[in-house]
């Protein structure tokens with residue numbers, strides 16, 4: 001008799017939860033950043049729902065993470081899913097299981113982190129459930145949102161020749177995690193400001209709701225998702241939905257000044273962190289090649305930050321190739337094991 | 001420095017989660033069976049969201065509960081919240097943290113229990129999150145729904161003189177729980193069919209979506225909620241929202257044949273189980289006195305089951321009085337400690 005640990009998350013979802021038959025047209029099922037449905041088929045408005053669960057020990061270490069950062073991040077990662085559909089959040093629902101020994105001072109800061117985000121983005125917390133138990137700290141957060149027919153974007157929609165773009169530098173969060181976990185012996189010699197900034201990127205990811213709204217209004221944007229697992233894993237998801245391959249030009253991947261210092265002062269490669277490291281929570285786009293220059297120009301004017309083209313979708317179904325100095329240096333760097341939900 | 005276990009659930013919610021400022025008019029906050037919001041203020045349609053979390057050890061015992069029953073119940077209790085607003089479910093989102101030693105056969109049955117409900121009520125499972133960890137089994141389920149302006153009902157809306165009604169016999173689930181936990185020495189002598197039926201009531205509560213829809217269409221129905229904690233606790237919630245008191249006539253509380261046998265063959269009082277026991281998941285209503293006879297007649301014709309009037313709302317603010325043989329036998333039987341979320 002087999003155990004649940006013999007299955008990966010994707011297999012668990014497929015086997016036990018992706019069993020709904022005959023989904024109506026106005027429902028989009030498991031697989032995109034959010035579920036999308038229309039409560040009224042005649043409406044131009046989609047309702048969005050995303051949910052994410054975090055458990056102590058697996059996703060964070062209680063004594064190590066600042067409770068304010070944990071609150072901030074737990075809602076920020078869900079908002080990233082709403083942004084990745086072009087949507088606007090309408091409410092948050094927070095369920096927690098709390099160890100009974102937890103200090104109220106810790107909870108004060110955790111709550112402050114959540115409401116720092118909710119107040120800034122005007123997201124009402126409308127419900128949830130609270131369990132006080134003797135077990136681990138567990139959070140499950142659900143965010144609802146909405147987006148119009150015109151603005152909604154999916155992972156599906158990319159075509160051969162479309163340009164692959166990202167909205168921010170990659171790898172910082174992964175570098176930050178390595179600092180937190182003290183991987184690598186040379187970490188102590190790292191510049192203190194750089195260290196602090198990279199750790200902050202890991203704990204307080206960007207919230208790209210404005211960017212998602214703006215990009216959803218642009219016809220050049222054909223497909224959209226967020227970068228939660230790293231482009232090595234996330235790009236194959238977009239490829240899969242569109243039966244495409246992708247070529248990435250490594251030199252075009254945006255890197256922060258901080259990660260370059262990190263590379264200099266530690267044994268890690270900035271490019272590999274940028275490609276394989278997750279949790280950057282920038283947006284990944286497929287853009288029509290004829291419109292990419294105009295989009296880039298307008299984006300940079302609107303947000304005062306770089307818009308980066310990093311490659312092209314190809315007809316090489318499911319092959320992700322990474323080039324450096326015009327030679328192929330990697331092929332399908334990640335397995336396809338990440339969670340599709 | 002105080003610990004989280006020094007606070008009750010209501011205090012935790014108030015202190016850490018009920019902090020949203022200036023909720024827009026088209027949002028109804030924490031407190032009712034579901035959160036309700038309008039994504040478009042001009043729309044006649046409310047979006048509903050309810051979420052409920054269960055953790056092994058606190059809410060169920062892994063080796064004792066049938067996994068199919070656990071799946072069934074975990075979705076049924078959320079649907080009860082949708083029914084209690086007059087609503088119709090639009091989607092389910094299921095997050096689970098699974099112990100890595102869990103058997104796949106167990107998960108098969110758990111999933112079957114969930115989809116038995118989802119298939120019967122045509123509820124698409126549209127998302128969720130899955131964590132395989134070494135901790136306890138944890139489930140967090142979110143259900144979205146919708147309901148029109150005309151049909152939506154709240155806990156608020158009752159007035160002095162309104163008749164208090166329930167849609168099914170009370171106490172069966174609490175009796176079932178006592179059988180499961182083997183409370184009371186005489187339990188072994190209990191009739192086997194009765195035992196089985198009461199346990200079933202605890203594990204597979206009724207799903208009253210049809211009733212909720214029907215009642216929401218009736219003008220006589222002024223307030224509505226579900227009975228999750230027992231009328232001793234739930235009725236004070238409805239009283240609180242309306243600044244009312246309530247008088248209950250004990251002899252009018254509906255009891256099943258099974259609970260009468262249970263009372264005969266065990267040391268337990270059927271009335272006390274009916275009043276204080278929770279998890280019946282029938283509906284509790286405030287009905288306009290002038291329309292209650294017509295409503296009862298039509299309900300019984302439509303559903304072929306009794307509709308019970310059990311008391312009256314009074315102007316005795318926050319006093320719940322229970323009468324038997326025309327004498328007051330209980331006053332405010334429950335503290336006001338239950339969770340308002």
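Please treat every number below as a calculation from the coordinates, not as lab data. None of these values were measured; they are calculated from a predicted model. Every residue, glycine as well, gets a Cβ built from its backbone with ideal geometry; the counts of neighbours run over all protein chains shown.
How many percent of DSSP beta bridges within the stretch A:163-331 run antiparallel, rounded to 5? That works out to approximately 85 percent antiparallel. Centre-to-centre separation between the Cα atoms of the stretch A:140-169 and those of the stretch B:1-47: 29 Å.
Footprinting exposure proxy ranking of B:52, B:219, B:298, fewest other C-beta atoms within 10 angstrom first, gives B:219, B:298, B:52.
Under the criterion of Cα pairs below 8 Å and six or more residues apart, the relative contact order for chain B equals 22 percent. Taking other Cβ atoms within 10 Å as a rough exposure proxy, B:305, B:151 sort from fewest to most as B:305, B:151. Sorted shortest first, the distances from the residue B:316 label point to those of the same residue in the other copies are 8.2 nm; each point sits 7 Å from Cα along Cα-to-Cβ. Averaging Cα coordinates gives a centre for the stretch B:310-330 and one for the stretch B:226-271; these two points are 12 Å apart.
Among A:153, B:195, B:328, B:250, a tally of other beta-carbon atoms within 10 Å of each Cβ gives an order, fewest to most, of B:328, B:250, B:195, A:153. Is chain B rounded, prolate or oblate when judged by the Cα gyration tensor, a ≥ b ≥ c being the square roots of its eigenvalues, rounded requiring a/c under 1.5 and prolate requiring a/b larger than b/c? Because its axes are fairly even, with a/c under 1.5, chain B counts as rounded.
Among beta bridges from DSSP that stay inside chain B, the antiparallel ones total about 75%.
Which whole-number percent gives the relative contact order of the stretch A:4-148, counting Cα pairs below 8 Å spaced six or more residues apart?
So the answer I get is 31 percent.
Ranked from shortest, the separations from the 7 Å Cα-to-Cβ label point of residue A:249 to its equivalents in the other copies are 8.5 nm. Per residue of B:52-59, other chain Cβ atoms within 10 Å of the residue Cβ number 5 on average.
If you take the square roots of the eigenvalues of the alpha-carbon gyration tensor of the protein assembly as shown and sort them as a ≥ b ≥ c, do you get rounded (a/c under 1.5), prolate (a/b over b/c) or oblate? Prolate, because a/c is 1.5 or more and a/b exceeds b/c. Each other copy holds its own label point for residue A:61; taking that point as 7 Å from Cα along Cα to Cβ, the gaps run 3.6 nm, nearest first. Antiparallel beta bridges, as assigned by DSSP with both residues in the protein assembly as shown, represent about 75 percent of the total such bridges. The calculated 222 nm mean residue ellipticity attributable to helices in the protein assembly as shown amounts to -9500 deg cm²/dmol, summing -39500 (n - 2.57) over DSSP H runs of n ≥ 4 and dividing by all residues.
Let me make sure I get this right: for the stretch B:185-341, a, b and c are the square roots of the gyration tensor eigenvalues over alpha carbons, sorted descending. Under 1.5 in a/c it's rounded, otherwise prolate if a/b > b/c, else oblate. Which is it? Taking the square roots of the gyration eigenvalues as a ≥ b ≥ c, the stretch B:185-341 is oblate.
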